[in-house]
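Colleague: Okay, here's the structure, questions in a sec.
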Protein chains: 2
Amino acid sequence: MPHPLLYDRLLARGWRMTAQRRAVAQALVGDHVHLTADEVFREAQAALPEISLATVYNTLNDLVGMGEVREVSYDRGPMRYEPNGPRPHDHLVCVECGEIWDIELAGPVAELPEPQRRGYELLGVEVVFRGRCPRCAAR
Amino acid sequence: MPHPLLYDRLLARGWRMTAQRRAVAQALVGDHVHLTADEVFREAQAALPEISLATVYNTLNDLVGMGEVREVSYDRGPMRYEPNGPRPHDHLVCVECGEIWDIELAGPVAELPEPQRRGYELLGVEVVFRGRCPRCAAR
DNA sequence: ATATTTGCAAAGTGTTTGCACGTAA
DNA sequence: TTACGTGCAAACACTTTGCAAATAT
């Protein structure tokens with residue numbers, strides 16, 4: 001099995017396993033993986049030609065619902081999906097081509113001062129660095 | 001004129017002024033304003049009933065192109081548009097209803113360590129706090 | 001055996017575009 | 001006067017959904 005950890009987690013949750021779901025989960029293994037639904041579809045098709053795009057969407061939404069996959073979307077364009085690893089991380093995004101890298105910052109990043117909390121129950125902080133990747137800067 | 005600064009900036013740029021553009025620009029004045037295109041449309045209609053949604057989109061995109069308006073989009077849902085004020089700011093977002101508040105953090109927020117820069121020319125950092133607003137927490 | 005998942009096609013959002021008409025400069 | 005903005009409707013890109021057939025448990 002190429003991704004025993006994820007695969008086992010899914011089974012342990014009692015997730016009914018099918019070839020389609022395996023193909024989708026397989027496409028989302030790795031670091032710096034931030035695929036659009038269509039890219040996942042094409043990767044999954046390589047392993048299972050008869051899979052449909054609707055099933056890819058259904059499966060991605062299930063995985064997001066269980067917290068195994070995280071959705072990210074910066075600027076325009078389709079939603080991107082990434083495996084939700086054990087350590088939280090932030091992102092570096094190219095404003096021109098949309099390329100995304102995972103980054104890990106050292107300490108706690110920022111505190112939101114009480115007067116600006118508006119009574120919110122805080123759930124998380126995300127930091128997004130934007131820039132131009134070397135490839136885009138060269139053009 | 002209810003927003004002389006923005007209005008003057010637009011004229012100074014040689015922007016051809018029309019009733020429609022005035023109505024759109026007017027909808028985007030204020031603090032904590034983060035409107036969808038449709039909300040801008042409805043506000044603009046109040047001042048100018050014959051304005052069309054296509055024109056609202058065209059105008060918003062023009063304003064974004066000139067840097068007078070900033071697009072923000074967190075999680076699902078349509079793009080939101082906010083006036084691009086003189087001070088950069090970050091956001092506090094309700095994960096349930098999508099409400100957005102502007103926040104201003106004290107110091108520079110985070111440095112991206114060199115080994116994680118990937119050769120990018122850095123252009124900006126954004127911090128997004130997520131939480132549940134008091135209204136959603138109550139339900 | 002049966003509750004769940006799949007694939008298809010159709011519908012749903014949100015946004016952009018082509019073109020004839022209107023209007024600011 | 002004319003280059004540019006507008007409105008309409010149609011097209012577009014992305015995502016979700018209804019339902020009959022297929023399948024994991």
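Colleague: Considering only the range A:126-135, I want to know if a residue exists there that is over 30 Å from B:Ala137 (Cα atoms), surrounded by 15 or more Cβ atoms within 10 Å (Cβ to Cβ), of a type in the set (Lys, Arg) and at the interface with another protein chain (Cβ under 10 Å from one of its Cβ atoms).
Modeller: Yes; the residues of the range A:126-135 include at least one that is over 30 Å from B:Ala137 (Cα atoms), surrounded by 15 or more Cβ atoms within 10 Å (Cβ to Cβ), of a type in the set (Lys, Arg) and at the interface with another protein chain (Cβ under 10 Å from one of its Cβ atoms).
Colleague: Sticking with this structure for a sec: Can you tell me how many residues in the range B:114-123 are on the phi < 0 side of the Ramachandran plot and at the interface with chain A (Cβ under 7 Å from one of its Cβ atoms)?
Modeller: Of all residues in the range B:114-123, those on the phi < 0 side of the Ramachandran plot come to B:114-117, B:120-123.
Applying the additional criterion that residues be at the interface with chain A (Cβ under 7 Å from one of its Cβ atoms) yields B:116, B:120-123.
Residues meeting the conditions: 5.
Conditions (1) touching a Leu at 6+ places or on another chain (Cβ under 6 Å); (2) of a type in the set (Gly, Ala, Ser); (3) in contact (Cβ under 8 Å) with a residue 40 or more places away in the chain; (4) not in a loop (DSSP other than H, G, I, E, B), marked per residue:
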residue: B:Gly14; (1), (2), (3), (4): no, yes, no, no
residue: B:Ala44; (1), (2), (3), (4): no, yes, no, yes
residue: B:Gly65; (1), (2), (3), (4): no, yes, no, yes
residue: B:Tyr74; (1), (2), (3), (4): no, no, yes, no
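Colleague: Further, regarding this structure: Among the residues of the range A:100-131, write down those that are farther than 13 Å from B:Leu105 by Cα, out of contact with any helix residue (DSSP H, G or I) (no Cβ under 8 Å at 6 or more places or on another chain) and either in the same structural domain as A:Val72 (by TED's automatic domain parsing) or outside any strand (DSSP E or B) (or both).
Modeller: A:Leu105, A:Ala106, A:Gly107, A:Pro108
Colleague: Considering (1) surrounded by 16 or more Cβ atoms within 10 Å (Cβ to Cβ); (2) over 29 Å from A:Arg22 (Cα atoms); (3) more than 8 Å from chain B (Cβ to nearest Cβ), say which one A:Glu111 fails and leave the rest.
Modeller: (1)
Colleague: Restricting the range B:66-101 to residues that are of a type in the set (D, E, K, R) and open to solvent by less than 40 Å² (accessible area, probe 1.4 Å), which is nearest to the other protein chains (Cβ to nearest Cβ)?
Modeller: Residues of the range B:66-101 of a type in the set (D, E, K, R): B:68, B:70-71, B:75-76, B:80, B:82, B:87, B:90, B:96, B:99.
Subset that is open to solvent by less than 40 Å² (accessible area, probe 1.4 Å): B:68, B:82, B:90.
On the way: B:Glu68: 17, B:Glu82: 14, B:Asp90: 8 Å.
Per the stated criteria, the residue is B:Asp90.
Colleague: Which of the residues belonging to the range B:29-46 are closer than 18 Å to B:Leu6 by Cα and either more than 10 Å from DNA strand C (Cβ to nearest atom) or at pLDDT below 95 (or both)? Before the answer, list the steps.
Modeller: Filtering the range B:29-46 down to residues closer than 18 Å to B:Leu6 by Cα leaves B:29-35, B:40, B:43-44.
The answer is B:Val29, B:Gly30, B:Asp31, B:His32, B:Val33, B:His34, B:Leu35, B:Glu43, B:Ala44.
Colleague: Here is a list of conditions, (1) away from DNA strand D (no atom under 16 Å from the Cβ); (2) open to solvent by less than 60 Å² (accessible area, probe 1.4 Å); (3) closer than 29 Å to A:Ile103 by Cα; (4) not aliphatic (A, V, I, L, M), and B:Gly30 meets all of them except one; can you say which number that is?
Modeller: (3)
Colleague: Mind telling me which of the residues B:Gln26, B:Gln20 ends up being within 30 Å of A:Pro115 (Cβ to Cβ), part of a helix (DSSP H, G or I) and more than 14 Å from chain A (Cβ to nearest Cβ)? Before the answer, list the steps.
Modeller: On the way: B:Gln20 fails: within 30 Å of A:Pro115 (Cβ to Cβ).
Of B:Gln26, B:Gln20, the one residue that is within 30 Å of A:Pro115 (Cβ to Cβ), part of a helix (DSSP H, G or I) and more than 14 Å from chain A (Cβ to nearest Cβ) is B:Gln26.
Colleague: So which residues in the range A:44-86 are among the basic types (Lys, Arg) and under 13 Å from the mean Cα position of the chain (by Cα)?
Modeller: In the first step, residues of the range A:44-86 are kept if they are among the basic types (Lys, Arg); the result is A:70, A:76, A:80.
Within the range A:44-86, A:Arg70, A:Arg80 meet the criteria.
Colleague: When the range A:47-63 is examined, which residues are found to be near DNA strand C (Cβ under 8 Å from one of its atoms), open to solvent by less than 50 Å² (accessible area, probe 1.4 Å) and either touching a Cys at 6+ places or on another chain (Cβ under 8 Å) or in a helix (DSSP H, G or I) (or both)?
Modeller: A:Thr55, A:Val56, A:Thr59
Colleague: How about the range A:8-27: which of its residues are more than 11 Å from DNA strand C (Cβ to nearest atom) and open to solvent by 20 Å² or more (accessible area, probe 1.4 Å)?
Modeller: Within the range A:8-27, A:Asp8, A:Arg9, A:Leu11, A:Ala12, A:Gln26 qualify.
Colleague: Taking interchain pairs and intrachain pairs at least six residues apart, which have beta carbon atoms under 6 angstrom, with the first residue in the range A:123-139 and closer than 16 Å to A:Ile103 by Cβ and the second of a type in the set (A, V, I, L, M) and in a helix (DSSP H, G or I)?
Modeller: Matching pairs, first to second residue: none at all.
The values are calculated or read from the model by the stated rules, or taken from the named source; none is laboratory data. Keep in mind that this is a model prediction, so the values were computed, not measured. Glycine also receives a Cβ, built like all others from the backbone with ideal geometry; neighbour counts cover every protein chain displayed. What goes into the accessible areas is simple: the full protein's heavy atoms, side chains included, and nothing from ligands, DNA or RNA. Shrake-Rupley method; radii C 1.70, N 1.55, O 1.52, S 1.80 Å.
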